[in-house]
Amino acid sequence: PRMLEVIDDDLALMRTLAGWIERLSTDGRRLKPREVVAEFDTYLHDELDLVREAANGAALRRNFADGRLLYVPEVFFDYTHREVLVMERMDFIPVNDLDQLRAHNIDVARLAADGVKIFFTQVFRDGYFHADMHPGNIFVLRNGIYSGVDFGIMGTLSDADKSYLARNFAAFFTRDYKAVAVAHIEAGWVPKDTRVDEFEGA
């Protein structure tokens with residue numbers, strides 16, 4: 001109740017602070033705090049719309065329809081509206097409860113490998129990913145399959161984004177830090193006039 005008022009008050013304070021940071025600090029301007037707050041504002045208001053969250057969950061469920069890596073609870077749209085989200089009741093174990101996982105004979109090493117597969121599948125196959133993955137949102141079914149909740153923040157990736165990420169991963173794996181720097185510059189994450197020669201042999 002009244003959460004929107006609390007959020008809007010906090011965002012107003014954040015906008016004021018962001019403006020001060022940009023006026024008083026060169027580094028502050030470079031980090032674009034007002035743009036960060038604006039994006040935060042968008043995501044927070046999106047998260048308050050549970051119909052949007054339901055649609056996000058349904059889309060992720062379609063992407064993992066076979067349920068072998070990730071089981072996404074079914075959303076019951078007939079009972080869902082902006083302030084109420086109704087999903088399938090789940091019986092699962094928190095992902096960080098190692099004692100329970102082991103008590104159910106769940107292979108933790110396989111679970112770790114499956115987590116990486118889920119990440120890469122979302123990013124590179126679907127270009128659509130759960131952007132709020134933390135232990136409060138990630139669970140394991142008693143059959144050892146991952147499950148997740150809280151679909152308020154989802155991300156999408158263009159082909160250019162996927163290419164950027166792939167180049168970064170490949171460069172990190174081979175410890176080619178100059179290639180990492182070049183990818184960041186070409187993607188616009190750092191200014192175009194940044195020198196990369198200092199990364200030679202890093």
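Assuming a viscosity of 0.890 mPa s and a temperature of 25 °C, what translational diffusion coefficient in µm² per second does Stokes-Einstein assign to region 1-67, Rh being the Kirkwood radius over Cα pairs?
Numbers: Rh = 14.1 Å.
Roughly 174 µm²/s, to the nearest whole number.
Could you calculate the contour length gain from His104 to Thr174, that is, 0.36 nm times the residue separation minus the distance between their Cα atoms, to one decimal place in nm? If you can, show how the numbers build up before the last one.
Working: separation 70, 0.36 × 70 = 25.20 nm, distance 3.76 nm.
Computed gain between His104 and Thr174 is 21.4 nm.
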Amide N of region 1-19 lying under 20 Å from the label point, which is placed 7 angstrom from the Cα of Leu31 along Cα→Cβ: 10-19
With the chain treated as a Gaussian network of Cα nodes joined by springs under 10 Å, which of Gly67, Gly57, Gly152 yields the largest mean-square fluctuation? Gly67
To the nearest 20 Debye, how big is the dipole of the chain about its Cα centre, given +1 on the beta carbon of each Lys and Arg and -1 on that of each Asp and Glu? 560
Give the residue from Gly188, Leu50, Met87 lying farthest towards the positive end of the charge dipole for the chain; charges sit on Cβ (+1 for Lys and Arg, -1 for Asp and Glu) and the dipole is referred to the Cα centre. Gly188
Probe 1.4 Å, all protein chains in place: accessible area of Asp132 in Å², nearest 10? 40
Approximate spin-label separation Asn137-Val86, in nm, with each point projected 7 Å along Cα-to-Cβ: 2.4
Express the relative contact order of the chain as a whole percentage, based on alpha carbon pairs under 8 Å and six or more residues apart in sequence. 16
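Let me know the number of lysine pairs in the chain closer than 20 Å at the Cα, not counting same-chain pairs under 8 apart.
Values: Lys32/Lys192; Lys117/Lys162; Lys162/Lys178; Lys178/Lys192.
Lysine pairs meeting both conditions in the chain amount to 4.
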Where a label projected 7 Å from the Cα of Asp78 along Cα→Cβ would reach, residues of region 27-57 with amide N under 19 Å: 51, 54-55
Cubic angstrom per residue, convex hull over Cα atoms of the chain: 164
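What order do Arg89, Arg110, Arg29 take when sorted by accessible area (1.4 Å probe), most exposed first? Show your work: numbers first, answer last.
Working: Arg89 220, Arg110 85, Arg29 115 Å².
So, going from the largest accessible area down, we get Arg89, Arg29, Arg110.
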GNM, the chain, Cα, under 10 Å: largest mean-square fluctuation among Pro33, Pro73, Pro94? Pro33
Förster-model FRET efficiency, 22 Å R0, Arg62 and Ser158, C-beta, rounded to 0.05: 0.65
Residue-averaged [θ]222 nm for the chain, counting only DSSP H segments that reach four residues, each worth -39500 (n - 2.57): -16000 deg cm²/dmol
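The values are calculated or read from the model by the stated rules, or taken from the named source; none is laboratory data. Predicted, not measured: the structure shown is a model, and the values here were computed from it. Positions of Cβ are backbone-derived with ideal geometry, glycine not excepted, and every protein chain shown enters the neighbour counts. Quick note on the areas: whole protein, heavy atoms, side chains included, nothing else; ligands and nucleic acids left out. Shrake-Rupley method; radii C 1.70, N 1.55, O 1.52, S 1.80 Å.
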